[in-house]
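J.: Below is one structure. I have some questions about it.
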Amino acid sequence: MLTRGRRRTQVAAILGVATTGALLLSACSGSANGSDSTSGASEDFTYLSFAENTSIKDTLTALSTGECSDANSQAKLKIDNLAQASYDQSIQLKAGQGDLPSLLASGNSPQIAKDLNKSGALVNIGAELGEMGLDDAIIPAAKSTIEALYDGQVYVLPTEFNVEGIWYNKKLFADNGIEVPTTWDDLVAAADKLNAAGIQPFSADGKDGWPLTRLVGNYIYRSVGPDALAKVADGSARLTDSDYVEGAAKVADLGAKGYFGPSVGSIDYTTAVNQFLSGNAAMFYMGSWILGNFNDPEANKIGNDNIGFMPFPAVEGGKGSADQLAANVGVPLAISQDRYDEGSKHWLGCIARNFGAQSLKDQGVITGFKVNGDVGDVPPLTQAVQDQIGKTTDTVLWFEALFPPRASTESQTNASLLVTGGLSPEEFMSKIQAELPES
């Protein structure tokens, strides 16, 4: 399983890594469309993984000797690894040489899979699952997220499904007579009350920046609407528009009041987690990958039963909804069209039916697959998040999800300056907008 720090790195990496799609587009389109990949004997079913990610390969290995043993007898599972830092370049070269493996981590950036798919190198997983009668194997919330990331198509598998929101200390809320906020104004009022009682309202990793920009993005989604940042990506809106700047201004206001604590720019991920789990902050915006920390009794000093989860609240009069959780799908997996034979087809069906339960049972990881079968005892907080996911049909992305790498870096680098007064909201948004392509 990814380490806690690596999970954070994984999410940050997904936010934007430079890609050179032209290399593979010119090289792999012919091989992807020119062979009959479903004829003849099945080859080995080779999975190419990030070397740093052990949870997916452990789940696949368990399936190969269990629920997917029949698929494994037809096409034996083999696992290869590449370092995450060099993965994108390596996979582009493999695509150009017609040497993609059967199953592969689709890259650090969504653009990698988009380029591979555009060249005809990837299996249309959504269509294949439909032919197998497994249309419901990917849960609606995960499907919505995949479609938002990949131009409305489903050609990757969701090995995780991380929803994001605000975790809160139930006791601190109860002791101060605070109801769970449902609107932004309620959230600010709760923070005011906590601060007046001498309690730091929010813990945040300002050093890496992205936990702060997540707040900006969520406010914009709630205020402008779920297509707000897609409009920025296609050039029909700009981050410097007043309704977008408002999102940065609202988060900057929290910082100006000191609600992220002193020296937020020097607080890293681990410190922010510890602040919340030691009871030194009442709220913590983070994704559901943090459940591993919450379920660790040595790390969690406030107790699992004392942690609640709330979606990012609505903005009064806004066009978005608190039901639209920010989400990502972990390390998405793609399937090579060139190697899509009967063995790969059997593996796809078995993964779709069984990966969710196997991963939850063995790794404690919530995936984007429907969970079939007995998974044993699930920690209550994990179950609560699963229940929230089950009620979710539409999701939104994170702030930088559709940004190119330079804009993502600009956003995260300057986030702490936004909340400490080093940059005005207008300056913050202008710096990011300057790194976006002009349409």
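J.: So, in segment 138-181, of the ones that are closer than 25 Å to residue 49 by Cα and of a type in the set (Ser, Thr, Tyr), which residue ends up surrounded by the most Cβ atoms within 10 Å (Cβ to Cβ)?
T.: Across segment 138-181, the extreme among qualifying residues is 145.
J.: Can you tell me which of 387, 377 is in a helix (DSSP H, G or I), at pLDDT below 90 and surrounded by fewer than 21 Cβ atoms within 10 Å (Cβ to Cβ)? Outline the logic, then answer.
T.: Working: 377 fails: in a helix (DSSP H, G or I).
The conditions single out 387.
J.: Mind checking which residues of segment 246-270 are within 9 Å of residue 204 (Cα to Cα) and of a type in the set (Ser, Thr, Tyr)?
T.: Within segment 246-270, just 269 meets the criteria.
J.: Please specify each residue of segment 270-304 satisfying the condition of being of a type in the set (S, T, N, Q) and either farther than 23 Å from residue 378 by Cα or part of a strand (DSSP E or B) (or both).
T.: Listed by number, the residues that qualify are 270, 271, 274, 275, 278, 280.
J.: Also: When only residues in segment 186-213 that are surrounded by fewer than 24 Cβ atoms within 10 Å (Cβ to Cβ) and among the charged types (D, E, K, R) count, which is nearest to residue 402 (Cα to Cα)?
T.: Filtering segment 186-213 for residues that are surrounded by fewer than 24 Cβ atoms within 10 Å (Cβ to Cβ) and among the charged types (D, E, K, R), the one nearest to residue 402 (Cα to Cα) comes out as 208.
J.: State which residue is modelled with the lowest pLDDT when the search covers only segment 350-374 and only residues that are open to solvent by 20 Å² or more (accessible area, probe 1.4 Å) and assigned to a helix (DSSP H, G or I).
T.: The selected residue is 363.
J.: Something else about it: Can you pull out every residue in segment 171-188 that is touching a helix residue (DSSP H, G or I) at 6+ places or on another chain (Cβ under 8 Å) and assigned to a helix (DSSP H, G or I)?
T.: 171, 172, 173, 184, 188 - these are the residues of segment 171-188 that are touching a helix residue (DSSP H, G or I) at 6+ places or on another chain (Cβ under 8 Å) and assigned to a helix (DSSP H, G or I).
J.: Follow-up question, since we're still on this one. Go through segment 78-100 and give me each residue that's among the polar types (S, T, N, Q), surrounded by fewer than 17 Cβ atoms within 10 Å (Cβ to Cβ) and closer than 15 Å to residue 54 by Cα.
T.: Listed by number, the list holds a single entry, 81.
J.: Okay, moving on. Given (1) closer than 30 Å to residue 99 by Cα; (2) under 21 Å from the mean Cα position of the chain (by Cα); (3) surrounded by fewer than 22 Cβ atoms within 10 Å (Cβ to Cβ); (4) not hydrophobic (A, V, I, L, M, F, W, C), identify the lone condition not met by residue 341.
T.: (2)
J.: Please state which of the following conditions residue 391 fails to meet, knowing it meets all the rest: (1) among the basic types (Lys, Arg); (2) assigned by TED's automatic domain parsing to the domain that holds residue 152; (3) in contact (Cβ under 8 Å) with a residue 40 or more places away in the chain.
T.: Failing condition for residue 391: (2).
J.: When segment 135-158 is examined, which residues are found to be touching a residue at least 60 places away in the same chain (Cβ under 8 Å) and either in contact with a Pro (Cβ under 7 Å, 6 or more places away or on another chain) or of a type in the set (Phe, Trp, Tyr) (or both)?
T.: 138, 142, 146, 149, 155, 156, 157, 158 - these are the residues of segment 135-158 that are touching a residue at least 60 places away in the same chain (Cβ under 8 Å) and either in contact with a Pro (Cβ under 7 Å, 6 or more places away or on another chain) or of a type in the set (Phe, Trp, Tyr) (or both).
The values are calculated or read from the model by the stated rules, or taken from the named source; none is laboratory data. No experiment lies behind these values; they were computed from the predicted model shown. Cβ sites come from the backbone with ideal geometry, for glycine too, and all protein chains shown count toward neighbours. The accessibility values were calculated without ligands, DNA or RNA, using every heavy atom of the protein model including side chains. Shrake-Rupley method; radii C 1.70, N 1.55, O 1.52, S 1.80 Å.
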